[in-house]
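Colleague: If you scroll down you'll find the structure; I have some questions about it.
The values are calculated or read from the model by the stated rules, or taken from the named source; none is laboratory data. Fair warning: this is a prediction, and the values are worked out from it, not measured in the lab. Using ideal geometry, Cβ is built from the backbone for each residue, glycine included, and neighbour counts are taken over all protein chains shown. Side chains are part of the model used for accessible areas, which takes the heavy atoms of the whole protein and leaves out ligands, DNA and RNA. Shrake-Rupley method; radii C 1.70, N 1.55, O 1.52, S 1.80 Å.
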Amino acid sequence: ITSLDQNGNLTTASDTLKKNLSKYLNEFRLISDALDVLDTQIINFAIKYWVIVTQDSNKVQVLQGINNRLIESLQKKYFQIDQPIIIDDITNVIINTHNVISLVELKVFPRAGTTDGRKYSTSSFPFSNSTKNGIIFGPLGSIFELKFPIHDVIGSAT
């Protein structure tokens, strides 16, 4: 399981919550069933992209539009434990933004530790080794989080 902190970010559930959940679920299990309440590994990530936009468009406005659409589509409420990141979904959001001609480059990469004063989870793993057919699979029992979307969605335009 995982829970939210006071800022709405994913965090490890307290021991009290885990004990209460175990006690509650224990009443509904069969005698032969076993019950383990485990912590979820939280994996923070960021996105960096480069697009080509129409000549008559304002690059800053196009980038803001892309960033807003990505932030909306990658909200925590849309992720579940063991759900992968599908790179084509991110690509689709970007290329279907008004005035975008082409997506030149797209990188999805992990964020861990502290970066510019922002504290991310300590969990990380090599995304490149876990990407298959355009899908990034996290470790078993993990959840992805775009923790600081304003800082973790980085775009550039030509």
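Colleague: Under the Kirkwood approximation applied to all pairs of distinct alpha-carbon atoms, what is the hydrodynamic radius of the chain in Å?
Modeller: Roughly 17.5 Å, rounded to one decimal.
Colleague: Give, as a single signed number, the net charge of other residues whose beta carbon lies under 12 Å from the beta carbon of G141, with Lys and Arg counted +1 and Asp and Glu -1.
Modeller: Every neighbour counted, the sum reads -3.
Colleague: Hey, another quick one. Counting other Cβ atoms within 10 Å, which chymotrypsin sites (Phe, Trp or Tyr not before Pro) in region 22-114 have at most 12 and lie in a DSSP loop?
Modeller: Sparse-neighbourhood loop chymotrypsin sites (Phe, Trp or Tyr not before Pro): F28.
Colleague: Could you run the Karplus curve 6.51 cos²θ - 1.76 cosθ + 1.60 with θ = phi - 60° over region 139-149 and give me ³J(HN,Hα) per residue in whole Hz, x for Gly and Pro?
Modeller: Using θ = phi - 60°, the values come out as x, 4, x, 10, 9, 8, 9, 8, 5, 10, x Hz.
Colleague: Checking the a/c ratio against 1.5 first, then a/b against b/c, what shape does the Cα gyration tensor give for region 81-153?
Modeller: oblate
Colleague: Note down the net charge around V62, summing +1 for each Lys or Arg and -1 for each Asp or Glu among other residues with Cβ under 15 Å from its Cβ.
Modeller: Surrounding charge for V62 is +1.
Colleague: Which number gives the lysine pairs in the chain that have C-alpha atoms under 22 Å apart and are eight or more places apart or on different chains?
Modeller: Pairs that pass both the separation and distance tests number 19.
Colleague: Please find, in a Gaussian network model of the chain (springs between Cα atoms separated by less than 10 Å), the residue of T40, T115, T12 whose mean-square fluctuation is greatest.
Modeller: T115
Colleague: Net charge near R118, counting Lys/Arg +1 and Asp/Glu -1 over other residues with Cβ under 10 Å of its Cβ?
Modeller: Surrounding charge for R118 is +1.
Colleague: Restricting things to alpha carbons, tell me how big region 1-61 is in terms of Rg and Dmax, in Å.
Modeller: Reported Rg and Dmax, both Å: 21.8, 69.
Colleague: In whole angstrom, how far apart do the alpha carbon centroids of region 95-158 and region 12-54 sit?
Modeller: 20 Å
Colleague: Another question about this same structure. What are the principal axis extents of the Cα atoms in region 96-137, in Å, biggest first?
Modeller: Extents along the principal axes: 37, 28, 13 Å.
Colleague: Within the accessible area of the chain, what % is carbon and sulfur when the probe is 1.4 Å and the other protein chains stay in place?
Modeller: Here it works out to 51 percent.
Colleague: Based on the Kirkwood radius over alpha-carbon pairs, what is the Stokes-Einstein translational diffusion coefficient of region 43-92 at 37 °C with 0.692 mPa s viscosity, in µm²/s?
Modeller: So the translational diffusion coefficient is about 260 µm²/s.
Colleague: At R0 = 22 Å, how high is the FRET efficiency between K59 and I86 if r is their beta carbon distance? Nearest 0.05 is fine.
Modeller: Efficiency computed from Cβ-Cβ geometry: 0.25.
Colleague: How big is the shadow of the Cα convex hull of region 114-158, averaged over all directions, in nm²?
Modeller: 4.8 nm²
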